[in-house]
Amino acid sequence: MEHLKSELDFLRGELNQMLDLVHKQLQKAEEVLLENNTELVKEIASTEKLVNAKELQIDSRCETILALFTPVAVDLRFVLSALKMNANLERIADIADGISRMVVHTKVRFDKVLLEKIEAKKAFDTAIEMFNCVAQAYQKEDTLIAREVFTKDKIVDAITNNGVSVAEEFAKMSPENLSQAIPLLSIMKMLERTGDHLKNIAEEIIFYAEAKVLKHGGKANE
Amino acid sequence: MTTIEIAGIKRRKFKDTMFKYIVYGLTFTCLAVVLIILFYIFQKGIPCLNWSLFSQMPKPVGESGGGVLNAMVGSLMVVSIAALIAIPLGIAVGIFLAEKRGKPAADRVSIAVDVLQGVPSIVVGMVVYVWVVKPLGIFSALSGSIALAIMMLPPVIKNTEETLVLIPNTLKEAALALGASDLKSTMKILLPTGIGGIFSGCMLGIARVAGEVAPLLFTAFGNPYLSFNILKPVNSLPMVIFNYGSSPYEDWHRIAWGGSVILVGFVIILNVIVKFFESRWKVQF
Amino acid sequence: MEGTILRTENLCASFGTNQILKNINIDIPEKKVTAFMGPSGCGKTTFLRCINRMHELNPEATVQGKIRLHYEDVYQMDAMTLRRKVGMVFQRPNPFPTMSIYENVIAGFTLNGLKLKKAEKDAIVEDALRKVALWDEVKDKLNNRATSLSGGQQQRLCLARTVAMKPEVILLDEPTSALDPLSTAKIEDLLYELKGNYTLVIVTHNMQQAARISDMTAFFYLGELLEFDDTKKVFTNPKNEKTQNYITGRFG
């Protein structure tokens, strides 16, 4: 079983690299939004290609392991959760790319006051904190850290829900403000989606480590 | 329904028990025959055993005492030389039969061995008489040995063959797969693995011919004196038993009984040795 | 093909009138694990036994076509020399029962009449036993009978006996079919470790085993080689429909 072990270790490493890549994408996207650092947009776009390649690599490795080694128990759970984590991470990277492109496409610079009022920084930071938790939980196989993600996700959800009225108010002040409010609102929506993906990843980590299904209230497993 | 079944079972159980007791009974009968024979020989023979039996030569009629020293020496000589001839030859043929099993040549040899086993010992003696004694012009221990060797061959061959055939083929293949030659894998792997069975075959062969008298009548002939020359006639225990046992003299009867005990004792010891080494050299695959 | 150690050209093998192998053409890569799988009676074991010419031990066996070991036709070589270069491990563990563990490992040398000094023998025995991860288990009882070992240990001993001869190719004929799962896993690990130094060719009934340990997989069916490709390819996307049916268990 040494062979399977080394294959699994390799997969573990690749997934770690994926986490790392996507983590950086998310941080760069924040910088693009908050500092309007358009230099980074190209970087994000080129890294996005790397992320996609990595996704395919991980998928194919999972396929190999499933086909050749028919893993069972914890090994099987790991490969299954790796597959799903992989898909979620790729989606997050897509979102980071989307946010950065949205910023570029928005001709005007986002108003500082609006950004503050809509709590864009807090939402972004919380999402990145969630990411940190997920990465840590994955590396240490620590489900307690993974569970922190769920409370943090509620914060992101609250901020984005609140965002609608903030944007509405801002738009009411001047019709030109609409061209800022609408893209920003969709960026906030994307952050909310990021939170959901991270929550999914956390659930996968818990599934892998504890064999507990938390998704959708976890009724299926009881 | 149930009652019918129970009745059937009762009948079957009864048959079963019956069969068991029949088998026990027949086995016991066999065993009893052997035990009675042994008991009779020992009862008659043991009182006749004394030191002079082993150390003295036969004495002429009328003189009391005397022994079978010359016959023991003669028997030992004839049988050991026979073993020296028959064992290598028998093992060689056994290997041939085991290796070539199923081939026409091996089938023919196998039938020949079976026929040889069935040839009456007196006929073997006569043939050797014609082949060896006549050309040499004298009865001799050597010609006796040749006759006994022919008698010994079948059990040695058969035992060697059976033993080698029972050794899994993969063992030989393992040796061949390492690049060993056919000869080496037979000599270094097969023979040592089958040594227990081959050895017991040889011992049983010896036990079989030790009591033969018929072939010796034509060959070793008999000799009232002690002789160590293999080209001269020698005496042998079975012959002593034959000659003395059928004589009218009480003294000679005693010697015949003593000789019988020695001969039976010899065979029993051989069998014990076989059993001992068989378990000792038992090879598990 | 680059790195090919064994190549067959139109190899056909039969027992009497019964043709077992039909026109097998295969290039077996060097220092890799190649697995032969297929249903019973598909000829995979016969093929294996053709490679080291054990096939011809059966008087009715005939072979046509060529097998080349490093471009040298094995049927032109001396069988004994060939078998020293191409070792074999059998289905059931078959250590020599009259020999000790030590003697079994060195048996290849003694049976070939190669005389070695005691120190050389010791070194070979230790090295071979270490390679098969048996050294620690038997180092204190090297003079015990080989048959006193467990089945899995015996099979590793047989592997050590083969490895000691430093062959170029090791043929394995269902080496774990008589072993329990734990011993099987140990042997598989060993094969995985050995493949850097030896070319391994393994016949197996166990598809998962072929999948786990081999780099290349060949699928035999009714005496024909239907598919030969990277193991990953064979198990994820086989070209031949019969292969697909076999590995998915839909055969019949």
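Of note:
- Computing Rg and the Kirkwood Rh from the Cα coordinates of segment B:1-125 gives a ratio, Rg/Rh, of 1.25.
- Restricting the GluC sites (Glu not before Pro) of segment A:33-104 to loop positions (DSSP other than H, G, I, E, B) with no more than 12 neighbouring Cβ atoms within 10 Å leaves nothing.
- Using distinct alpha-carbon pairs, which all enter the 1/r mean, Kirkwood radius of chain A in Å: 18.3 Å
- For segment B:2-48, the carbon plus sulfur part of the accessible surface works out to 75%, probe radius 1.4 Å.
- Per the accessible-area calculation with a 1.4 Å probe, the total area buried between chain C and chain A rounds to 1100 Å².
- Using a Gaussian network model of chain A in which every pair of alpha carbons under 10 angstrom is joined by a spring, one finds that among A:VAL149, A:VAL72, A:VAL104 the greatest mean-square fluctuation is at A:VAL72.
- Gaussian network model of chain B, springs between alpha carbon atoms under 10 Å - residue of B:ILE41, B:ILE206, B:ILE255 with greatest fluctuation: B:ILE41
- For the protein assembly as shown, the spherically averaged projection of the C-alpha convex hull amounts to 55.2 nm².
- For chain A, built as a Gaussian network whose Cα springs stay under 10 Å, the top-fluctuating residue of A:LEU76, A:LEU15, A:LEU68: A:LEU68
- Over segment C:123-252: Kirkwood hydrodynamic radius from C-alpha pairwise inverse distances, Å: 16.1 Å
- Hull volume in cubic angstrom per residue (convex hull over the Cα atoms of segment B:137-285): 130 Å³
- Label sites at B:GLU63 and B:MET18, each approximated as a point 7 angstrom past Cα along Cα to Cβ, lie 6.6 nm apart.
- Charge dipole (Cα centre; +1 on Lys/Arg Cβ, -1 on Asp/Glu Cβ; no other charges) of chain C amounts to roughly 320 debye.
- Protein accessible surface hidden between B and C, which excludes ligands and nucleic acids, total in Å², probe 1.4 Å: 1900 Å²
- Pair A:GLU210, C:LYS66: separation of 7 Å Cα→Cβ label points (nm): 6.7 nm
- For chain B, the membrane-span-like helices by this rule, meaning whole DSSP H stretches whose C-alpha atoms cover at least 20 Å of axis and whose Kyte-Doolittle mean is -0.5 or above, are B:2-45, B:69-99, B:104-118, B:141-166, B:191-210, B:250-280; this says nothing about an actual membrane.
- Averaged per residue, chain B has 54 square angstrom of accessible surface, using a 1.4 angstrom probe with ligands and nucleic acids left out.
- Efficiency of FRET from Cβ geometry, A:GLU169 and A:GLN136, R₀ 30 Å, rounded to 0.05: 0.20
- Space enclosed by the convex hull of the alpha-carbon atoms of chain C, per residue, Å³: 131 Å³
- Computed over chain B: relative contact order in percent, which uses C-alpha pairs under 8 Å that are six or more apart: 25 percent
- Computed about its Cα centre, the charge dipole of segment B:2-48 is approximately 160 debye, with only Lys, Arg, Asp and Glu carrying charge at their Cβ.
- Span from the segment A:135-204 Cα centroid across to the segment B:205-239 one, whole angstrom: 113 Å
- Exposed trypsin sites (Lys or Arg not before Pro) absent: longest stretch of chain B, with sites in DSSP loops and at most 15 other Cβ within 10 Å deemed exposed: B:102-281
- Of all beta bridges that DSSP places with both ends in the protein assembly as shown, some 60 percent have antiparallel geometry.
- Carbon/sulfur fraction of accessible area - segment A:1-104, other protein chains in place, 1.4 Å, %: 55 percent
- Kirkwood Rh and Cα Rg combined as Rg/Rh, chain B: 1.10
- The modelled label-to-label distance for the pair A:GLU2/A:ASN36, using points 7 Å beyond Cα in the direction of Cβ, is 6.0 nm.
The values are calculated or read from the model by the stated rules, or taken from the named source; none is laboratory data. All of these numbers come straight from a predicted model, not from anything done at the bench. We place every Cβ from the backbone using ideal geometry, glycine too, and count neighbours over all the protein chains shown. Note: accessible area is taken over every heavy atom of the protein model, side chains too, but ligands, DNA and RNA are not part of it. Shrake-Rupley method; radii C 1.70, N 1.55, O 1.52, S 1.80 Å.
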